[in-house]
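First the structure, in the form of structure tokens, and then the observations on it.
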Amino acid sequence: MFPLHILLTFVPLLLLLTLMEERVMLRRLAYSFLFMLISLCSIAQQRMAVSGIVTDATTGHAVAGVSISGAGQTVVTNADGLFLLKSVDQELTTIIVTHVGYSTERINVADIAASSPALAEEPLMRIRLQPATIRLNEVLVVSSDARSLVSAAIRKITDNYSRQPELLHCFYRETAMKRQRYIMVAEGVVDMYKTGYGSDMRRDRVAIRKGRRLLSPRSGDTLSVKVTGGPIVPVQLDIVKNPDILLSEEELDCYELRMETPTYIADRMQYVVSLEPRYVMPYALYRGRLYIDQETLAFTRAELSLDMSDRDKATAVMLVRKPAGVRFRPKELSLLIDYRHEDGLTRISYVRTIFRFNCDWRRRLFATSFTATCEMAVTSHHGGDDVQPIRGRESFDQRDAFFDQVEYFRDPDFWQDYNIIEPTESLDRAIDRLLRR
């Protein structure tokens with residue numbers, strides 16, 4: 001037993017220690033509360049999203065295919081001009097809006113959120129793009145020899161595009177329509193591995209990371225016709241890396257090239273070169289336009305449509321297989337390949353293909369029209385020494401159908417934080433009808 005005076009000397013010390021422990025506990029609680037607030041703010045910032053509609057300032061019409069980028073993410077507007085951009089890893093402070101023939105818009109997201117406090121987590125905005133005007137004193141006078149310009153741009157490919165492997169994270173969607181009615185939709189998140197532009201394409205691959213599908217339950221809507229397409233298309237249709245499509249010297253000899261009126265993309269002047277078939281070849285050629293950056297001579301956009309004057313040649317390009325007894329009549333194949341300039345390099349950013357064709361069974365009086373659309377938007381990219389190629393067993397085979405590789409629509413929160421291309425109003429209604437069935 002301790003003597004009384006010794007015990008009394010311990011009492012103030014015990015009280016002091018108790019008070020110190022309480023202060024430490026209160027301080028820890030305060031720090032914890034502050035940390036929670038910071039974490040909540042960080043989560044709110046990380047999950048912030050902006051949505052809106054882009055219209056032409058002159059006509060008021062919606063503008064499709066507009067590039068919306070911010071916080072390292074990119075998406076494009078749908079046919080109704082609508083978009084939704086989500087930020088996952090970085091704070092979304094500014095978005096940049098670009099489209100061919102329009103002035104670039106840079107918008108402060110905080111200003112939109114402040115003007116719509118009730119919608120601060122997903123502020124709505126209406127963006128009116130101003131058509132870009134060509135100032136004659138800024139137009140560089142070049143030779144009228146469009147072929148020389150295209151050839152010069154080809155020689156600059158290894159300077160303008162990445163020479164290192166990159167992994168591109170993409171959103172992919174394909175749809176099929178019978179007449180004016182949607183009968184199929186499939187969409188997903190895919191990774192696209194691309195080797196440097198000084199390398200060949202044999203190691204460039206695509207892997208499906210997440211996907212879902214819907215198919216019309218009507219037996220009469222089913223048609224076992226497979227046309228060229230699928231997630232592998234952006235690898236095959238990268239005309240800059242796959243010159244055999246268009247940009248080889250042998251292919252260019254088949255076309256008549258002409259200089260057209262320059263335009264702007266992302267406030268950068270672009271040369272515009274039109275092309276038309278020059279000779280009759282054993283295969284179908286294209287018509288369209290090429291856009292070339294005036295400063296860097298990088299190819300930034302290609303708008304192409306397949307020549308349909310010879311039905312057999314067009315069918316050879318479009319059709320993969322069909323049932324015996326079905327007649328396939330090609331109507332249209334249009335291609336859009338977009339590239340985006342950033343960080344001193346130009347990268348593929350968006351690819352869209354549209355197939356229109358008629359099919360009918362022999363002995364039937366009328367043919368049925370079908371439209372198949374594939375689009376892929378690169379939402380972000382990653383480069384560096386840690387980029388690993390996609391293994392063969394993970395990669396999408398061009399002989400496969402994307403529809404067969406993904407699951408049925410079930411989870412309403414399927415997309416979570418992924419950036420997607422907003423469905424058009426008509427597609428949204430079609431998905432709702434197919435789900436009810």
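The values are calculated or read from the model by the stated rules, or taken from the named source; none is laboratory data. Just so you know, these numbers come straight off a predicted model, no measurement behind them. So basically every Cβ, Gly included, is an ideal-geometry build from the backbone, and we count neighbours across all protein chains shown. Remember, those area values only see protein heavy atoms, side chains included, never the ligands or the DNA or RNA. Shrake-Rupley method; radii C 1.70, N 1.55, O 1.52, S 1.80 Å.
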Original post:
Mind ordering 368-381, 308-321, 60-73 by average Cβ neighbours within 10 Å, highest first?
Top reply: 368-381, 60-73, 308-321
Original post:
Which value, in nm² and rounded to one decimal, describes the direction-averaged projected area of the C-alpha convex hull of region 154-250?
Top reply: 8.3 nm²
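Over the alpha-carbon set of region 246-353, divide Rg by the Kirkwood Rh and report the Rg/Rh ratio to two decimals. Walk me through the intermediate numbers first.
On the way: Rg = 16.3 Å, Rh = 15.5 Å.
Result: Rg/Rh = 1.05.
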Original post:
Label-point separation (nm) for Asp145 and Glu276, each offset 7 Å from Cα along Cα-to-Cβ?
Top reply: 2.2 nm
Original post:
Using the Kirkwood radius built from alpha carbon pairs, what does the Stokes-Einstein equation give as D for region 239-294 at 25 °C and 0.890 mPa s, in µm² per second?
Top reply: 201 µm²/s
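State which entries of Lys226/Lys313; Lys178/Lys331; Lys156/Lys313; Lys226/Lys331; Lys178/Lys322 exceed 24 angstrom in Cα-Cα distance in the structure shown. Kindly include the intermediate steps, with their values, before the conclusion.
Values: Lys226/Lys313 17 Å; Lys178/Lys331 14 Å; Lys156/Lys313 33 Å; Lys226/Lys331 15 Å; Lys178/Lys322 16 Å.
Violating the 24 Å Cα-Cα cut-off are Lys156/Lys313.
Cα convex hull of region 291-415: mean projected area in nm², to one decimal?
12.8 nm²
Let me check something: with ligands and nucleic acids excluded, how do Arg173, Arg179, Arg163, Arg356 order by accessible area (1.4 Å probe), largest to smallest?
Values: Arg173 10, Arg179 125, Arg163 155, Arg356 95 Å².
Heavy-atom accessible area, descending, gives Arg163, Arg179, Arg356, Arg173.
What number, in percent, do you get for the relative contact order of region 347-433 if the mean sequence gap of Cα pairs under 8 Å and at least 6 apart is divided by its residue count? Don't jump to the answer; show the numbers that get you there.
Numbers: 46 pairs, mean separation 18.8, N = 87.
Reported as a whole number, the value is 22 percent.
Which FRET efficiency value, to the nearest 0.05, is calculated for Arg311 and Ser224 with the Förster distance at 30 angstrom and r the Cβ-Cβ distance? Show your work: numbers first, answer last.
Working: r = 21 Å, r/R0 = 0.69.
Plugging the Cβ-Cβ distance into 1/(1 + (r/R0)^6) gives 0.90.
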Subject >> Nonlocal amide H pairs with Lys210, under 5 Å, H built at 1.01 Å >> reply: Val189
Original post:
Taking the Cα-to-Cβ direction at His61 and at Ile96 and moving 7 Å from each Cα, how far apart do the two end points lie in nm?
Top reply: 2.8 nm
